[in-house]
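Notes for the one structure printed next.
The values are calculated or read from the model by the stated rules, or taken from the named source; none is laboratory data. Quick caveat: nothing in here was measured; it's all calculated off a predicted structure. With ideal geometry, Cβ positions are generated from the backbone for all residues, glycine too; neighbour counts draw on all protein chains shown.
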Amino acid sequence: MSHRKLFLLPGDGIGPEITEEFVKVISLLNDKASAGFEIERGLVGGAAYDAHGKAISDDDMARAMAADAVMFAAVGGPKWDNVAYDVRPEAGLLRLRKDLELFANLRPAICYAALAASSSLKPELVEGLDILIVRELTGGVYFGEPKEIIDLGNGQQRAIDTQVYDTYEIERIAAVAFELARTRDNRVCSMEKRNVMKSGLFWNQVVTRVHKEKFADVELSHMLADAGGMQLVRAPKQFDVIVTDNLFGDMLSDVAAMLTGSLGMLPSASLGAEDAVTGKRKAMYEPVHGSAPDIAGQGVANPLAMLASFAMCLRYSFNMIEEAEALDAAIAKVLDDGLRTGDIMAPGCRKVGTSEMGDAVVAAF
Ligand code: NAI
Ligand code: MG
């Protein structure tokens, strides 16, 4: 029996409630398929702050580093609005991303047939939509130096952010996108602004070279990021994998998210560098939504984004493709059966709570 080490960080808000639902899936996999998942739990965000005054402890960081994958639920809320910046709940998430060097953020935009009517686009444009946005997460303008506001001395000030990308940063994100494309429809569209940004031109050149050297079997196209935004809302199904930088990826993945109809449905993965010895990648999986403090503790949160995040974990960290597909199919089935949590409730459907939704997915799995 292989041992698969999962580190769970339920966080605060609805985090602990939705975590319990995918733990049911782990138990099922262990019992029925001898999957050998070992679970450890840690504290992050408000839960960690309340316990020991930090957003995540060094001990829990070490356990996150040692795990095969981290499952993160959600953190944040008004309760911690006035705590110091470096121990705020969000600081725990940032530290995990930074210390695990999670440079590749994967945001699928999948439109479940049963929810196509809740998209902001016409159902026929989004039915069957399945695209994957691969966003560079640790570089670019959010981190580049200099980053400051300076006094010009004449009553004027100047704000500076700097877009910086090194060769290796673009090479590794491009490689992730091409590798993922091979497991899907084998197409990558790279987006930048080469017409006005040196870093965009450079991005284009490096992606083109990586493609030619190692991934010539994958279909590669390039699009200016603004045109990409237009195409995403005009005809989203034309895309398979989109690879782009941190800033454009932030915006384009949020645009793509809204095509699918609901925030409570969206999973994400963040992948790190491959270990030179084991070939394994550090990885963290989390729903796109936050801690929903407005509904926390009521048993009404939608656990499906968390469950879909676990499906990504099965797929990318453990290569359990069959199980991942079965979990995705189980999620689609409960929606087809008309089960809805409050956030995705629609006329003619049956309203269920968090644990009833989780049980239904387990039953359909
Ligand atoms: P949010 O995603 O927590 O909530 C937005 C709205 O969607 C709320 O009305 C909420 O009830 C609803 N919602 C979200 N997830 C849901 C689910 N699974 N089931 C049912 N309804 C759901 O975003 P908001 O309100 O802007 O932020 C709340 C807190 O979460 C803030 O402290 C924010 O910083 C934090 N946050 C944390 C993230 C993370 O942990 N990765 C990501 C985004 C926000
Ligand atoms: Mg965003």
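Here the condition is being away from ligand 1 (no atom under 16 Å from the Cβ) and under 30 Å from G342 (Cβ atoms); of L259, L180, L247, it holds for L259 alone. Taking the stated definitions as given, is A235 away from ligand 1 (no atom under 11 Å from the Cβ) and either surrounded by fewer than 24 Cβ atoms within 10 Å (Cβ to Cβ) or hydroxyl-bearing (S, T, Y) (or both)? Taking the combined requirement at face value, the residue satisfies it. No other residue among D50, D81, D68, D86 is away from ligand 1 (no atom under 16 Å from the Cβ) and of a type outside the set (S, T, N, Q) apart from D68. Residues in the range 179-202 that are farther than 23 Å from D161 by Cα, outside any helix (DSSP H, G or I) and of a type in the set (K, R): R184, R187.
Scanning the range 105-160 for residues that are surrounded by fewer than 15 Cβ atoms within 10 Å (Cβ to Cβ), in a loop (DSSP other than H, G, I, E, B) and not polar (S, T, N, Q) yields K122, G128, E145, P146, K147, L152, G153, G155.
Residues are listed down the side, and each one gets a yes or a no for (1) within 23 Å of the chain's Cα centre (by Cα); (2) buried (at least 19 other Cβ atoms within 10 Å of the Cβ); (3) in contact (Cβ under 8 Å) with a residue 12 or more places away in the chain; (4) assigned to a strand (DSSP E or B):
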residue	(1), (2), (3), (4)
G297	no, no, yes, no
N302	yes, yes, yes, no
E322	yes, no, no, no
A326	yes, no, yes, no
M357	yes, yes, yes, no
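The single residue among V277, V300 that is over 25 Å from L121 (Cα atoms), within 11 Å of ligand 1 (Cβ to nearest atom) and outside the structural domain of E192 (by TED's automatic domain parsing) turns out to be V300. The condition (being outside the structural domain of Y165 (by TED's automatic domain parsing) and of a type outside the set (A, V, I, L, M)) is satisfied by just one residue among P236, P267: P267. Taking the numbered list (1) away from ligand 2 (no atom under 16 Å from the Cβ); (2) more than 22 Å from L314 (Cα to Cα); (3) not in a helix (DSSP H, G or I) in turn, Q205 passes all entries but (3).
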